[in-house]
Amino acid sequence: MRASVSSALDIRRLLILASLLVLTALTLSGGFAGDAWGQRSDPVPSESPTGGQVPGNVLGSQADSDLWRAVRQGVQGRVSIPDTQAGQLIQSEGDNWRAWRNGPLTVYGAWILLGAVAVIALFFAVRGRIRIDAGASGVTVERFNMIERTAHWITATSFIVLAITGLNLMYGRHVLLPVLGPEIFSAISMAGKYAHNFLAFAFMVGVVMMFLLWIKDNIPSRLDLVWLAKGGGLFVKGVHPPAAKFNAGQKLIFWAVVLGGVSISLSGLALLFPFEFAFFAKTFEILNMVGFSLPTELTMMQEMQLSQLWHAIVGLVLIAIIVGHIYIGSVGMEGAFDAMGSGQVDSNWAREHHSVWAAKVAGGSHSHPAE
Ligand code: HEM
């Protein structure tokens with residue numbers, strides 16, 4: 001009986017000894033040290049977010065503030081879903097873009113447009129309508145054929161709708177919304193947005209047609225310098241510097257429409273098909289070759305933001321230029337509209353404003369009495 005009790009005690013002692021050995025081994029190998037059990041080994045336990053604080057103490061030796069600053073500044077992480085842009089939690093440049101769009105762009109844009117209207121009004125007040133000095137002769141010459149006028153009016157009508165609907169996107173909420181109320185304003189803006197998207201293609205076709213038809217007449221020449229030096233004769237009655245089919249002022253408008261038209265079309269396409277085009281990084285690379293120092297690593301989101309800003313800037317500048325063009329092509333100059341209306345202009349108008357071209361046409365047999 002005594003022997004069996006002492007052997008039971010021995011077994012218990014052996015078990016305790018074995019447990020102690022296992023415990024010691026585990027402790028030395030770090031098995032209970034926390035990490036293997038999903039616990040942190042830090043002396044100070046991590047804290048839950050409290051009082052609006054971000055989750056704390058999750059990075060070991062790295063400061064939490066560094067992590068959240070990087071997130072706030074738009075660091076790009078990795079995600080396993082197809083949309084890699086989701087790897088960026090906060091798109092910081094969005095704030096800058098919004099500030100630019102709603103700030104300087106809108107404000108200076110309004111000044112550019114109001115400035116253009118003010119300059120034209122002042123010009124009209126001082127100079128009045130530019131008349132045909134010699135009076136109408138009653139004989140007309142063909143200035144633009146049907147194809148040329150079609151190209152012009154495709155571009156012109158589409159541009160005017162694009163300008164109005166574009167301005168609505170920028171200023172409508174400030175100007176029209178308070179007057180029309182949300183229902184009417186949103187219906188108009190929706191229709192305007194569709195018109196803007198689809199008529200953009202008509203504008204592109206028109207610009208390409210005008211470019212092909214008129215490039216040969218818009219190459220700069222020495223006559224242009226004389227014309228510019230004399231202010232085109234626009235400011236003094238009776239002064240008519242010589243010009244070929246297009247004078248220097250018209251050539252400037254032509255190139256503004258062609259180059260501005262290409263630029264506004266490309267940036268518009270980038271907005272119409274989001275995240276498909278990256279024009280800015282490539283453009284900046286080229287500009288950097290001639291001394292600029294612009295960023296060439298741009299995210300697709302930054303490309304979109306730059307496209308929007310550039311599209312609006314080119315649009316505003318083009319509208320200001322075209323307001324001047326429309327004025328001089330209609331009420332500002334007697335006899336000018338006919339060139340794009342019927343295609344026939346009075347021969348005295350032609351001699352006064354485009355003497356070199358008029359002499360060339362008179363050499364042919366293009367003139368005939370007006371009806
Ligand atoms: C109601 C609006 C418009 C009117 C009344 C108008 C009128 C005219 C006239 C009369 C001409 C011929 C000038 C000449 O015989 O020498 C002309 C030419 C031209 N138009 Fe327009 N236009 C209008 C809108 C536009 C628009 C919106 C654009 C482009 C976005 C445009 C682009 C041009 C170009 C590039 C030329 C040739 C260069 C020049 O004459 O300045 N026009 N336009």
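We did not get these values from a lab; they are worked out from the coordinates using the rules stated. Treat the numbers as computed from the prediction; the structure is a model and nothing was measured. When we count neighbours, we look across all protein chains shown, and the Cβ atoms used for this are built from the backbone with ideal geometry, even at glycine.
Express in nm, to one decimal, how much length is gained between Thr157 and Leu114 on full extension, taking 0.36 nm for each residue of separation and deducting their alpha carbon distance.
Computed gain between Thr157 and Leu114 is 13.3 nm.
For Leu180 and Ala125, compute 0.36 nm times the residue count separating them, minus their Cα-Cα distance, and round to one decimal in nm.
Length gained, Leu180 through Ala125: 16.5 nm.
Find the all-direction average of the projected area of the Cα convex hull for the range 137-366, expressing the result in square nanometres with one decimal place.
16.2
Going by average Cβ density within 10 Å per residue, which order do the peptides 293-301, 76-84 take, highest to lowest?
293-301, 76-84
Just name one of Ala336, Pro295, Ala243: the one whose Cα is farthest towards the positive end of the charge dipole of the range 137-366 (beta-carbon charges, Lys/Arg +1, Asp/Glu -1).
Highest projection toward the positive end goes to Ala243.
Please work out how much length the chain gains when fully extended from Lys230 to Gln76, using 0.36 nm per residue of separation minus the C-alpha to C-alpha distance, in nm with one decimal.
Going from the current span to full extension adds 49.7 nm.
Which ordering of Met340, Met304, Met289 is given by a fewest-first count of other beta-carbon atoms within 10 Å?
Taking fewest neighbouring Cβ atoms as first place, the list is Met289, Met340, Met304.
How would Arg351, Arg131, Arg98 line up from fewest to most surrounding beta-carbon atoms within 10 angstrom?
Ordered by Cβ neighbours within 10 Å, fewest first: Arg98, Arg131, Arg351.
Just the C-alpha atoms of the range 195-274: what Rg/Rh do they give, with Rh taken as the Kirkwood radius?
Expressed as Rg/Rh, it is 1.13.
Please arrange Ile112, Ile322 by counting, for each residue, the other beta carbons lying within 10 Å of its beta carbon, fewest first.
Starting with the residue having the fewest Cβ neighbours, the order is Ile112, Ile322.
Only loop residues by DSSP count here, and only those with at most 12 other Cβ atoms within 10 Å; note down the chymotrypsin sites (Phe, Trp or Tyr not before Pro) in the range 153-252 that meet that.
Here the sparse-neighbourhood loop sites are Phe235.
Along each of the three principal axes of the Cα atoms of the range 113-169, give the extent in whole Å, ordering the values from largest to smallest.
Ordered largest first, the range 113-169 gives principal extents of 47, 36, 10 Å.
Run the numbers on the range 137-366 and let me know its relative contact order in percent, using alpha-carbon pairs under 8 Å that are six or more apart.
30
Determine the distance separating the Cα centre of the range 57-129 from the Cα centre of the range 223-242; give it in Å without decimals.
43
7 Å from Cα along Cα→Cβ at both Val139 and Leu294: what's the point-to-point distance in nm?
In this crude spin-label approximation the distance works out to 5.3 nm.
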